[in-house]
Amino acid sequence: MTQHSVDVALGARSYSIRIGPGLLRDAEALAAAAPGRHVLLVTDANVARHHLAPVQAAFGERRLETCVLPPGEQEKTLARFGELIGRLADMGASRDATVVALGGGVVGDLAGFAAATWMRGIRFVQVPTTLLAMVDSSVGGKTAVDLPQGKNLVGAFHQPAAVFADTDVLATLPARELAAGLAEVLKYGAIGDAGFFAWLERHMEALLAREPTAVAEAIARSCAHKAGVVVRDETEQGERALLNFGHTFGHAIETEQGYGGLLHGEAVAVGMLLAAELSARLGLAPAADRTRLEALVAGFGLPVRIPPGLDPDALLRHMRLDKKNRSGALRLVLWRGLGRAEVVEGVEDAAVRAVLAAG
Ligand SMILES: O=C(O)C(=O)C[C@@H](O)[C@H](O)[C@H](O)COP(=O)(O)O
Ligand SMILES: [Zn+2]
């Protein structure tokens, strides 16, 4: 079975993303990634049921505290962050402690934010268990919690020291979660690699069938794309904003639904189509490419429309609090067609609203 490794070259903060089967059972490698006396392992109840035991065994009971959170984006709150910090304090974690995130994006973002802030930053290891976390949220060091007012509004950049993406765990991933991860995978093709997009079109069935070689290649190509962007622009001064394609719209949907509606990847899928539609209307992207984007999104079983009942004006209000905005003006990642995206400022509210109203 193929093992892949992708390096994120950030000088003293460089790390490897290991991708392949059996990594959760590689006790030696996991233990080596957390060398200090204290380890806080953060996971959620769904993941714990399937995957907690081997990871706990790798770190050994003596130095391990485990925190099992309820699952779901609604848990990515300041209150849960406070709980994690309380656990670190209670266990007497010193600066050589490690926080390990075993789970999807919510667990990774929360645990990472605790690691970023405890004693101004301690070691952090990502063990992603969803496709979305493997291809996106475990890589690049964005950590955060949500506020009722907006998604990921409180957070920090804090790179992991290692990422272990065990592809065996994808066997038990619900189909809806698999599709949500595929949304972030196809994003890389849409914004930067038309050849990868075409590869995804050709391998759609294989990916949905979880064919191991195809899945591992999709993860490795996604991580390689993201690693390249992160190395060039770690703290999103420029190019990294392109990874936010579909997210201004998507985050607005998630916020308006109180983080209990669409999954993040599903909201991003709808958001990419809205951004593509706006781009086509502004004459920036060929309508034919938008059609191909929608076909792949739908082919992966992802939603293609804004969920019914969401008010366009409320969505636009949420978009105003997006982190890419400057001096009160919207900055959107728009599309130039397959493989090309750019940040655009000064799009008229009316044009954005029209796209939101059309759904
Ligand atoms: O890593 C990035 O940069 C991204 O934008 C990747 C996104 O897919 C991811 O959802 C990220 O957490 C969004 O960050 P935010 O800055 O828009 O909150
Ligand atoms: Zn995302």
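Structural remarks
- Residue among E73, E83, E65, E61 that alone is surrounded by fewer than 23 Cβ atoms within 10 Å (Cβ to Cβ) and within 16 Å of ligand 2 (Cβ to nearest atom): E73
- Set H203, H225: member being touching a Phe, Trp or Tyr at 6+ places or on another chain (Cβ under 9 Å) and modelled with pLDDT of 95 or more: H225
- For the range 305-319, the set of residues classified as loosely packed, with under 15 Cβ neighbours inside 10 Å and either in a loop (DSSP other than H, G, I, E, B) or among the β-branched types (V, I, T) (or both) consists of R305, P308, G309, D311, listed by residue number.
- Which listed residue is touching a Cys at 6+ places or on another chain (Cβ under 7 Å) and either outside the structural domain of N46 (by TED's automatic domain parsing) or crowded, with 21+ Cβ neighbours inside 10 Å (or both), from V145, V139, V163: V139
- Checking L296 against (1) modelled with pLDDT under 95; (2) within 22 Å of W199 (Cβ to Cβ); (3) of a type outside the set (D, E, K, R), the condition it does not meet: (1)
- Within the range 266-284, not a single residue is part of a loop (DSSP other than H, G, I, E, B), away from ligand 1 (no atom under 16 Å from the Cβ) and in contact with a Pro (Cβ under 9 Å, 6 or more places away or on another chain).
- Elements of type strands (runs of 3 or more DSSP E) contained in the range 1-95, each with 3 or more residues being over 21 Å from C223 (Cα atoms): 39-44, 64-69
- Some residue of the range 328-349 being touching a residue at least 60 places away in the same chain (Cβ under 8 Å), within 24 Å of Q149 (Cβ to Cβ), surrounded by 15 or more Cβ atoms within 10 Å (Cβ to Cβ) and among the basic types (K, R): yes
- With respect to being under 18 Å from S14 (Cα atoms), surrounded by fewer than 24 Cβ atoms within 10 Å (Cβ to Cβ) and more than 16 Å from ligand 2 (Cβ to nearest atom), A175 falls outside the description.
- The set of residues in the range 209-250 that are of a type in the set (V, I, T) and within 16 Å of ligand 2 (Cβ to nearest atom) comprises I219, V229, V230, T248.
Every residue, every condition in (1) touching a Gly at 6+ places or on another chain (Cβ under 9 Å); (2) part of a helix (DSSP H, G or I); (3) among the basic types (K, R), yes or no:
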residue: A206; (1), (2), (3): no, yes, no
residue: K226; (1), (2), (3): yes, yes, yes
residue: V229; (1), (2), (3): yes, yes, no
residue: I253; (1), (2), (3): yes, yes, no
residue: G258; (1), (2), (3): no, no, no
residue: L262; (1), (2), (3): yes, no, no
residue: R290; (1), (2), (3): yes, yes, yes
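The values are calculated or read from the model by the stated rules, or taken from the named source; none is laboratory data. The structure presented is a predicted model; accordingly, all values stated were derived computationally and were not measured. Positions of Cβ are backbone-derived with ideal geometry, glycine not excepted, and every protein chain shown enters the neighbour counts.
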